[in-house]
Amino acid sequence: MTSPTLVAVAHGSRDPRSAATVRALVDVVRSRAPGLDVRPAFLDFDEPGFGEVLAGLDRPAVVVPLLLGSAYHARVDIPAVIEESGAPDVRIADVLGPDPALLDVAAERLAALGLAPGDPGLGLVLAGTGSSHQAANAVVHRLAQRWPRTVAAFATASPGVADAVVELRAGGARRVAVASWFLAPGRLLDRVHEHAGGTPVAEALGAHPAIADVVLARYHAAAALLPAAA
């Protein structure tokens, strides 16, 4: 039986670094699942567009949102494009976050700065995009609680990164750093750097093999629910 296509859909960005990271991640997914039809797609700004990819499907598909939270894009945009396309036998997988493997990758990015959660005197900010959907923000707050002396902050929501840095220093942290809860570099992560005011900021999660494995896990869980897999 032919496996369903994996459509890895990202939001897209005006910053070319973002799409490059998504395509690199898709390449890693392909390398870890030889023979699987894996296609990148973007909701906005970049090509190929999500609707275009759906229109080109010739078999059932699983859409894996390359998103760290279940906010507007996951809950509204992606289902709307699928419905508008009329593509049959398409299943939406869960978003990537809050899989613990992603938090481990965030710790690896911190390690590149010579830092680790729990280091003596170190306060950490786990910085994400932020959403008007408070349940999505709450996930980042819960993840931050897994690390000692760590608070969540957001590029587009409250609390902001600058306020979180001030809070940690006021609480006695001798050093402060920012861990990135962003899949790819781009304008929002650049905003985090700006708001951090010189505080070290770790790189985005990027095209890491552990993230590719989460993509595949999401795919297989959703593919099992397709009628063709019954």
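Here, each number is a calculation from the coordinates, and none is a lab measurement. Predicted, not measured: the structure shown is a model, and the values here were computed from it. Positions of Cβ are backbone-derived with ideal geometry, glycine not excepted, and every protein chain shown enters the neighbour counts.
Between Arg91 and Ala61, Val62, Val63, the built amide H atoms are under 5 Å apart, and every one of these is 5 or more places off in sequence or on another chain.
When Val166, Val178 are sorted by how many other C-beta atoms sit within 10 angstrom of their C-beta, beginning with the fewest, the order is Val166, Val178.
Scan segment 145-230 for trypsin sites (Lys or Arg not before Pro) in coil per DSSP, keeping those whose Cβ has at most 14 other Cβ atoms within 10 Å, and list them by number. Of the trypsin sites (Lys or Arg not before Pro), the ones in loops of segment 145-230 whose Cβ has at most 14 other Cβ atoms within 10 Å are Arg146, Arg174. Computed over the chain, the per-residue total of -39500 (n - 2.57) for DSSP H runs of n ≥ 4 gives a 222 nm mean residue ellipticity of -12000 deg cm²/dmol, rounded to 500.
Helix 134-144 axis versus longest C-alpha principal axis of the chain: approximately 60°, rounded to the nearest ten. Kindly provide the pair-distance distribution of segment 1-73 built from C-alpha pairs, with 5 Å bins from 0 and whole-percent values in order of increasing distance. Taking every Cα pair in segment 1-73, the percentages come to 3, 16, 27, 25, 19, 7, 2, 0.
Computed over every Cα-Cα pair of the chain and binned at 10 Å starting from 0, the pair-distance distribution P(r) comes out as 8, 33, 33, 17, 7, 1 percent.
Charges only on Cβ, +1 for Lys and Arg, -1 for Asp and Glu: so what's the dipole of the chain about the Cα centre, in debye to the nearest 20?
660 debye
Relative contact order (percent) for segment 100-196, with alpha-carbon contacts under 8 angstrom and 6 or more residues of separation?
The normalised contact order for segment 100-196 reaches 34 percent.
Dipole orientation for the chain: of the candidates Val140, Val22, Pro88, Val140 has the Cα lying most toward the positive pole (charges on Cβ; Lys, Arg +1; Asp, Glu -1). About the centre of its Cα atoms, segment 100-196 shows a dipole size close to 120 debye [charges on the beta carbon of Lys, Arg (+1) and Asp, Glu (-1) only; nearest 20 debye].
The mean sequence separation of alpha-carbon pairs under 8 Å and at least six residues apart, normalised by the residue count of the chain, gives a relative contact order of 24 percent. In the chain, taking the dipole from charged Cβ atoms about the Cα centre, the farthest positive-side position among His73, Ala177, Val201 is held by Ala177. Computed from phi, the 3J(HN,Hα) profile of segment 185-197 under the Karplus parametrisation 6.51, -1.76, 1.60 (θ = phi - 60°) reads x, x, 5, 6, 5, 4, 5, 4, 4, 4, 6, 6, x Hz, with x in place of Gly and Pro.
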